[in-house]
Amino acid sequence: GPYSVTTATGVWTPANYDNKYMGTVTLMTALAYSLNTISVQLVVQVGLDRLIEILRGFGISSTIPRHISISLGTPALTLLEMTTGYAGIASGGRRVTPRFFDLVTNTTSGATIEDLRDAPLGPQVISPEVAYVTQMLMKGVVQRGTARYAQVLGRPAAGKTGTSANYRDVWFIGFTADLVAGVWIGRDDSTPIGEKITGGGVAVPIW
């Protein structure tokens, strides 16, 4: 149900989409249907320090305000950062370093100039067991939650939708067994993109 948190700047009371509440639910159901109040309660239990530590571990370098609202994705992150973080979850909890090429060769001689195809795996950020459970939770988003449209792909997939306050932008980042892709829709000046536009309704079909 409704949930409030006392912060340094006052009482913060986040709401679910359309102010809908489902009573007692599992974490899988909460994630599948983007129940904000449950995400906030989870971060209150885990702690901001641990959450920020994991975000940094997965390569998030942008400014992260130390406020409980980061549980709902309030930091201004790039699509590359977000997709990189999801790639880490998809890779069994290891940090993934994004790159824009795997192999550079000399087209005249055929000589290899740079080869990153066998680059070493990054450090373990969360345990493989925790990464596996997180993948299962994110599969629920596709199987019965806000990203159900992704089922038209016809392949097992996992991910998470996002819709910012006042409909400024929407997201969907998802992955299959071998590919991860992110979709962001928004405006550079952060003005709303339309009424009732959601990540599940707009970003998922593009993905």
Next item on the list: Within the stretch 129-163, track down each residue that is of a type in the set (S, T, N, Q) and touching a residue at least 40 places away in the same chain (Cβ under 8 Å).
Entry: 134, 135, 143, 146, 161, 163
Next item on the list: Please give the number of the condition residue 81 fails out of (1) surrounded by fewer than 11 Cβ atoms within 10 Å (Cβ to Cβ); (2) in contact with a Ser or Thr (Cβ under 7 Å, 6 or more places away or on another chain); (3) in a helix (DSSP H, G or I).
Entry: (1)
Item checked: Residue check for residue 187: open to solvent by 50 Å² or more (accessible area, probe 1.4 Å) and at pLDDT below 95 -> yes
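Rundown of residues vs (1) crowded, with 17+ Cβ neighbours inside 10 Å; (2) within 12 Å of the chain's Cα centre (by Cα); (3) closer than 22 Å to residue 33 by Cβ; (4) of a type in the set (Asp, Glu), yes/no style:
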{"position": "128", "(1), (2), (3), (4)": "no, no, no, no"}
{"position": "153", "(1), (2), (3), (4)": "no, no, yes, no"}
{"position": "175", "(1), (2), (3), (4)": "yes, yes, yes, no"}
{"position": "192", "(1), (2), (3), (4)": "no, no, no, no"}
{"position": "195", "(1), (2), (3), (4)": "no, no, yes, yes"}
Note to self: Can you go through 39, 61, 4, 69 and tell me which one is open to solvent by less than 30 Å² (accessible area, probe 1.4 Å) and either out of contact with any Lys or Arg (no Cβ under 9 Å at 6 or more places or on another chain) or modelled with pLDDT under 95 (or both)?
What the structure shows: 69
Margin query: I'd like to know if the stretch 129-138 contains one or more residues that are at negative phi and assigned to a loop (DSSP other than H, G, I, E, B).
Written below: no
Notebook entry, point to check: Since residue 166 meets every condition but one in (1) in contact (Cβ under 8 Å) with a residue 40 or more places away in the chain; (2) open to solvent by 70 Å² or more (accessible area, probe 1.4 Å); (3) within 21 Å of residue 39 (Cα to Cα); (4) not β-branched (Val, Ile, Thr), which condition does it not meet?
Noted result: (1)
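The values are calculated or read from the model by the stated rules, or taken from the named source; none is laboratory data. From a predicted model like this one, the values you see are computed outputs, not experimental measurements. As a convention, Cβ positions derive from the backbone with ideal geometry for all residues, glycine included, and neighbour counts pool all protein chains shown. Surface areas here come from the heavy atoms of the whole protein model, side chains and all, with no ligands, DNA or RNA. Shrake-Rupley method; radii C 1.70, N 1.55, O 1.52, S 1.80 Å.
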